[in-house]
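Working notes, beginning with the structure itself.
No lab work stands behind these numbers, since they all come straight from the coordinates. These figures come from a predicted structure and were not determined experimentally. Here the Cβ positions follow ideal geometry from the backbone for every residue, glycine too, while neighbour counts run over all protein chains shown.
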Amino acid sequence: MFVFVCVYMCVGMFVCVYMCVDVCGCVCRCSVRGSGDVGAVPSLRWSGRDTSSGRPRRRAFPTMRLSVFILLVSLRELAWAQRRRCVYRAGPNNAVRMEEAGNVSGAVQHCARTPCCMGYFNLVDGHLVPDLQGCNVVQMECPESDCFSSDQVNNVTYCVCNTDFCNANLSWVESATPSLVSQGVSCTFMVKMTAPLVALLVSFIIMYILYIIHRWQRLRSVGKSAPACDGTLITQCSCHRSEAVDLDIASIELQQVVGQGHFAFVWRGCLQGTPVAVKVFSTRYVHDFLREKEVYTLPLLDHAGIVRFLGAGRGRDSGDRLLVLELAVHGSLRSYLCKSSRSWACCVKLAQTLSQGLAFLHSDFHRNGMHKPAVAHGDLSSSNVVVRGDGSCALCDFGCSTVLRSCPGQLRLEQSREISQVSTQMGTLCYMPPEILEGCVNLGNSRYLLQADVYALGLLLWEVWTRCSELSTETPVPEHQLPYEAELGISPGVEELVCFISERRKRPHIPEKWGQRLQGFYTIKEVLEDCWDHDPEARLTSHCAADRLATFLP
């Protein structure tokens, strides 16, 4: 099989070289057609005959199609060469779906279309107990040869790996970087992978050379007619990070613990006579402190829907890291909804300000020479939204967020690493969308990360409206519940959620009254269903959700 892969790749390289010569001849003979206006963008016209001989000119497009076909065949053979065997374990609810990934023989599964093994493990009394094991249900990158993790959410952790039976056991690594821990990729695997990948790389390099030749010919043709620039507009790229305001820690008085997140304690404090919230990270979670600080210090991150950042500092004795934020009078949205039912006007304001804050967070724009990149929150829940004294919402807790930088250069690799960690960092289980729960999120497409936030937004809106007295058909209004709490309990596991959300396509119950057109152009039911649609591409964007909610009048 490996020999066939190499042969296919070599043939593909030969065809690409032939295509290079063919296209170069055509590119050099192409003519530029444009308007007589200065600065007009020219268009390329391919002549059908050689002007010197009158003979038909040989075209590169059939050769290009043949080259692409051979490359695709080679990639297919490469995938077959990576056929994987994994330890298999699945409950009755997941057996049917898991068996679609490959044939099962006892406790072994032979992967049909992926080189990756995966495993979900529960943390029980300090021990890792396997819950779901087998071939990964979708194709995704799995560069690690061993199954390990350093993160867990609700006592559940997840891993993927790329060697036979690597998912049998999970190795727990404290705050380690995966790429530095697991370097023991088998020699056999490396030998099988290196030669085809090198051949494929050479093919793409040749194609890139063709593109450069084409661009060079085009720019040379229009270079003389292009007017010179009178000045240069320099826009600050989002790669240029702002420095956080260093606060005098001695001037901060910590008074009372008011909350606890994944990585830090939240204190009520006082800064120069002003009540503030102080988020304290221990030295163990410095990386999470830096990640959250990075979001708060992004250029132009000033919006009513985002908690106001006042500064950062470091404890003199303990070395703990501190983020100082505005203090929301009513605390988290979850605690606010638990206290009592709310009026229609109050719920509309909560929903509108919440959606507007998320839409701003997802925005990518330039202003006054600065760039604000889009940010995926990654852990949107009623515990990570606060309510101010005026009844408006603000987003906080960006420890699991991903900054989607749009500039080329030095931070591309860093952003890729950040996105590749999404599956283990995205927070509360009951707010995770089906594509995250199944581990099949497209890590190369930032839109999927943003649409995961929109799914969580739909669940938050459901939480808000279940506490609305005007919408309730019961007296008194039912107590606050988390999403899926009524169906699956207060703390459902991954397997239960995958079965209920992905396989059965269920969502929280929507009362019949919510389908009535109370006002505006959309019903509450329509907004919710369009936010938590199973298909990420079919969901509303955060901006569209905010626009729809803006039509609801208090």
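Taking θ as phi - 60°, what are the ³J(HN,Hα) couplings along the range 447-461 by the Karplus curve (6.51, -1.76, 1.60), each to the nearest whole Hz, with x for Gly and Pro?
4, 5, 5, 5, 6, 5, 5, 5, 4, 5, 4, x, 5, 5, 4
Along its three principal axes, how long is the range 483-543 when you only count alpha carbons? Whole Å, largest extent first please.
39, 27, 18
Just the Kirkwood number for the range 335-550, please: inverse of mean 1/r across all distinct Cα pairs, in Å, one decimal.
18.0
Going by amide H atoms built from the backbone, whose H comes under 5 Å of the H on residue 404, apart from near neighbours?
374, 375, 376
In debye, nearest 20: dipole of the range 335-550 around its Cα centre with unit charges on the Cβ of K, R (+) and D, E (-)?
660
Could you pull out the GluC sites (Glu not before Pro) across the range 474-533 that fall in loop regions by DSSP (anything but H, G, I, E, B) with no more than 14 other Cβ atoms inside 10 Å?
Sites meeting the loop and neighbour criteria: 474, 479.
Based on C-alpha coordinates, I'd like the Rg and Dmax of the range 244-327, in Å.
According to the Cα coordinates of the range 244-327, Rg and Dmax are 12.0, 35 Å.
Amide H neighbours of residue 116 under 5 Å, counting only residues 5+ apart in sequence or on other chains, H built in-plane at 1.01 Å?
It is 136, by chain and number.
Between the alpha-carbon centers of the range 444-470 and the range 503-554, tell me the distance in whole angstrom.
A separation of 9 Å, based on Cα centres.
A 31 angstrom limit on the alpha carbon distance is what I want to check against. Which of 339/525; 279/349; 293/349 exceed it?
none
To make sure I understand, if each residue's beta carbon is the centre and we count other beta carbons within 10 Å, what order do 265, 521, 121, 552 fall in, fewest to most? Could the numbers behind the result be given before it?
Working: 265 16, 521 9, 121 25, 552 19.
Arranged by neighbour count, lowest to highest, 265, 521, 121, 552 become 521, 265, 552, 121.
As I understand it, the dipole of the range 244-327 uses +1 on the Cβ of Lys and Arg and -1 on the Cβ of Asp and Glu, about the Cα centre. Which of 261, 325, 274 lies farthest toward its positive end?
261
Rounding to the nearest 20 debye, state how big the charge dipole of the range 244-327 is about its Cα centre with +1 on each Lys and Arg Cβ and -1 on each Asp and Glu Cβ.
The calculation lands at about 160 debye.
Can you tell me how the range 85-183 classifies by the Cα gyration tensor, rounded, prolate or oblate, using a/c under 1.5 as the rounded cut?
Verdict is oblate for the range 85-183.
Apply the Karplus parameterisation 6.51 cos²θ - 1.76 cosθ + 1.60, with θ equal to phi minus 60°, to every residue of the range 496-511 and state each ³J(HN,Hα) to the nearest whole Hz, in sequence, with x for glycine and proline.
Along the range 496-511, the couplings run 5, 5, 4, 5, 6, 8, 8, 7, 8, 6, 8, 9, x, 5, 10, x Hz.
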